[in-house]
Amino acid sequence: MRYMMLIHHDEAALAAAPQKELWAEYGAFNEALSKAAGSTSGERLQPSSAATTVRQASGKTDVLDGPYADTKEQFAGYFFVEAKDLDEAIAWAKRCPSSKYGSIEIRPVHEQTGNWK
Amino acid sequence: MSDGGEARRAAERVARDSYGRLVAFLSARTRDIAGAEDALADAFATALRLWPVDGVPDNPDAWLLTAARRRQTDALRRRTTRQAGEEHIKMIADEIEAAAEAGGDIPDRRLALMFACAHPAIERGMRAPMILQTVLGLTAIDIAAAFLIPPATMGQRLVRTKTRIKDAGVPFRIPDKEELPERLDAVLEAIYAAYAKGWGEIEDGATSALADEAIWLGRLVVTLLPDEPEAKGMLALMLYTEARRTARRSPDGGYVPLEEQDTSLWDDSLILHAESLLTAANSAGPSGRYQIEAAIQSAHIARRRTGNANWPAIVALYDHLMRFTASPVVALNRAVAQAEIEGPEAALATIAPLADDKRMASYQPYWAARGHLLTRAGKRYDAREAFTMAIGLSTDEAVRRYLVSKRDRLGPLD
């Protein structure tokens with residue numbers, strides 16, 4: 001199954017972490033991810049202070065500065081994994097350094113075909 | 001129970017056994033629990049109706065398959081069938097054929113199914129209901145009755161959980177060695193929760209039947225995981241408790257606390273089975289929570305032979321249990337045992353810190369225990385107050401009457 005891993009950071013906790021170690025750890029994780037999980041893509045996003053939220057209702061457009069929800073943990077990036085089942089996906093979430101500075105939401109990708117019906 | 005009742009029960013047992021194995025086999029292949037249940041539902045209902053009357057067929061799996069196929073053909077004629085049902089039935093047919101050629105039964109995947117139902121990604125409160133439905137074929141109505149939830153709500157939650165298992169990719173497998181203890185704990189917790197539901201209410205047929213089903217599941221786990229001491233420990237704990245079922249009520253339905261129970265009413269064969277399981281569990285590995293709790297029961301049951309519970313052992317075992325769960329409930333039970341050795345004042349001193357614990361404020365056994373200890377310490381005013389709290393918090397009518405009689409026995413206070 002293909003899973004999208006949505007990284008949510010506590011931005012303050014991340015900023016307080018020892019940066020050099022953190023990014024070295026991330027480098028190793030990315031290496032493992034691309035070689036062992038067949039992960040094709042993933043991105044790190046700018047912090048939520050750079051976010052803009054747009055909403056349209058009855059012909060009117062609302063443009064708000066800031067993220068969709070003002071919560072302690074903010075969406076910070078994502079990656080994909082190809083996993084046999086949820087346990088394998090959970091293992092990748094545990095390996096990701098971000099799980100120590102926030103949370104990782106695991107979402108199965110909606111597949112049109114290939115899944116046993 | 002009459003002989004006819006026993007036979008009916010045995011036939012139902014075989015039907016549930018076969019049904020659970022077929023559902024587990026199919027869903028382990030497809031992750032589609034609802035589809036597997038659909039394919040077999042009518043055949044299973046027919047088996048539950050016919051087997052207790054006509055007797056159990058030689059090959060229950062094959063019988064269910066044939067009945068499911070017939071139903072499928074009818075549905076095809078009416079063009080109302082689901083693709084899933086057809087595929088599921090073909091899968092069982094192939095497997096039963098392969099098993100027959102190999103001279104055995106279809107592979108037993110019920111443990112894998114239980115691990116899926118008790119996966120950490122499944123809401124804790126739904127794990128026991130899921131196991132009861134998928135492995136035993138209990139209806140949402142029966143499960144709802146035991147869990148005090150409206151049947152429609154329980155039905156919806158079961159459907160949602162099955163969809164979640166399929167869509168999230170929850171695995172159907174026995175976890176690896178390093179993960180097994182934690183994950184097995186969730187399975188055992190779910191089964192024990194079902195047992196506790198069946199033990200709590202007494203007058204009610206649905207719930208005491210649930211206790212039987214939980215014990216049956218406990219036996220199944222022990223059979224399928226013979227090397228896991230905690231599985232044996234939990235089964236032993238359930239059997240020790242079950243052995244005292246009839247003794248905990250007087251002929252007129254009054255509550256009888258453990259210390260006052262007539263030991264001749266305890267079920268010897270269940271106790272012997274529990275003792276042998278506990279011995280096997282203790283020799284096989286490190287002590288876990290269920291083994292310790294079973295050992296505490298064993299020390300209580302010593303009263304049957306010696307006239308006295310083994311209180312020093314009980315206190316020591318509670319100390320050991322505290323290392324696993326530092327819960328106030330364990331501390332309270334330990335203090336009650338301590339009172340038997342050191343007297344009520346010592347026990348009251350031990351539980352003094354619990355008075356500040358918010359969880360104890362609405363915990364009925366805390367106030368009942370305080371009432372007993374204060375009575376024995378001669379503090380009648382405080383005892384009266386504690387019993388009054390316990391009476392107000394009781395949910396069981398027999399327990400409430402028992403506590404009222406204890407309070408009345410304190411006599412007039414002036």
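The values are calculated or read from the model by the stated rules, or taken from the named source; none is laboratory data. Predicted model only: the values in this text are computed from it and were never measured. Cβ: placed from backbone, ideal geometry, glycine included. Neighbour counts: every protein chain shown.
Figures for the structure shown
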{"quantity": "Selection status of residue B:261, buried (at least 17 other Cβ atoms within 10 Å of the Cβ) and touching a residue at least 60 places away in the same chain (Cβ under 8 Å)", "calculated": "no"}
{"quantity": "Residue ID - nearest to residue B:115 (Cα to Cα), chosen from residues in the stretch A:80-114 that are in contact with a helix residue (DSSP H, G or I) (Cβ under 8 Å, 6 or more places away or on another chain) and facing chain B (nearest Cβ under 9 Å)", "calculated": "A:86"}
{"quantity": "Criterion violated by residue B:347 - all others in (1) crowded, with 16+ Cβ neighbours inside 10 Å; (2) within 30 Å of residue B:187 (Cβ to Cβ); (3) among the hydrophobic types (A, V, I, L, M, F, W, C); (4) in contact (Cβ under 8 Å) with a residue 24 or more places away in the chain satisfied", "calculated": "(2)"}
{"quantity": "Residue in the stretch B:198-211 that is of a type in the set (D, E, K, R) and either part of a helix (DSSP H, G or I) or at pLDDT 95 or above (or both) present", "calculated": "no"}
{"quantity": "Flag if residue A:73 is in contact (Cβ under 8 Å) with a residue 60 or more places away in the chain, charged (D, E, K, R), in contact with a Gly (Cβ under 8 Å, 6 or more places away or on another chain) and away from chain B (no Cβ under 14 Å)", "calculated": "yes"}
{"quantity": "Options B:241, B:223; residue that is assigned to a helix (DSSP H, G or I), of a type outside the set (Asp, Glu), at pLDDT 90 or above and within 13 Å of the chain's Cα centre (by Cα)", "calculated": "B:241"}
{"quantity": "Enumeration of residues in the stretch B:65-110 that are of a type in the set (S, T, N, Q) and modelled with pLDDT of 80 or more", "calculated": "B:66"}
{"quantity": "So residue B:314, is it among the aliphatic types (A, V, I, L, M), more than 26 Å from residue B:391 (Cβ to Cβ) and more than 29 Å from the chain's Cα centre (by Cα)", "calculated": "no"}
{"quantity": "Tally, over the stretch A:1-27, of residues that are small (Gly, Ala, Ser) and touching a helix residue (DSSP H, G or I) at 6+ places or on another chain (Cβ under 9 Å)", "calculated": "2"}
{"quantity": "Out of B:121, B:98, B:93, B:116, sole residue that is in a loop (DSSP other than H, G, I, E, B) and more than 15 Å from residue B:17 (Cα to Cα)", "calculated": "B:121"}
{"quantity": "Residue among B:131, B:174, B:191 that alone is within 14 Å of chain A (Cβ to nearest Cβ) and under 30 Å from residue A:84 (Cα atoms)", "calculated": "B:174"}
{"quantity": "Selected residue (only one of A:41, A:49 is exposed (fewer than 11 other Cβ atoms within 10 Å of the Cβ) and in contact with an Asp or Glu (Cβ under 9 Å, 6 or more places away or on another chain))", "calculated": "A:49"}
{"quantity": "Strands (runs of 3 or more DSSP E) (entirely within the stretch A:28-117) containing at least 3 residues that are touching a His at 6+ places or on another chain (Cβ under 6 Å)", "calculated": "A:73-82"}
{"quantity": "Members of the stretch B:83-112 found to be within 14 Å of chain A (Cβ to nearest Cβ), of a type in the set (A, V, I, L, M, F, W, C) and either surrounded by 24 or more Cβ atoms within 10 Å (Cβ to Cβ) or out of contact with any Asp or Glu (no Cβ under 7 Å at 6 or more places or on another chain) (or both), listed by number", "calculated": "B:91, B:112"}
{"quantity": "Filter result for the condition that a residue is farther than 22 Å from residue B:104 by Cα and not charged (D, E, K, R), over B:47, B:11, B:24, B:34", "calculated": "B:34"}
{"quantity": "Contacts under 7 angstrom Cβ, first residue in the stretch B:273-289 being closer than 14 Å to residue B:185 by Cβ, partner hydroxyl-bearing (Ser, Thr, Tyr) and surrounded by fewer than 20 Cβ atoms within 10 Å (Cβ to Cβ), 6 or more apart", "calculated": "B:289/B:325"}
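Yes/no per residue for (1) at pLDDT 90 or above; (2) farther than 17 Å from residue B:16 by Cα:
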site	(1), (2)
B:113	yes, no
B:124	yes, yes
B:143	no, no
B:192	yes, yes
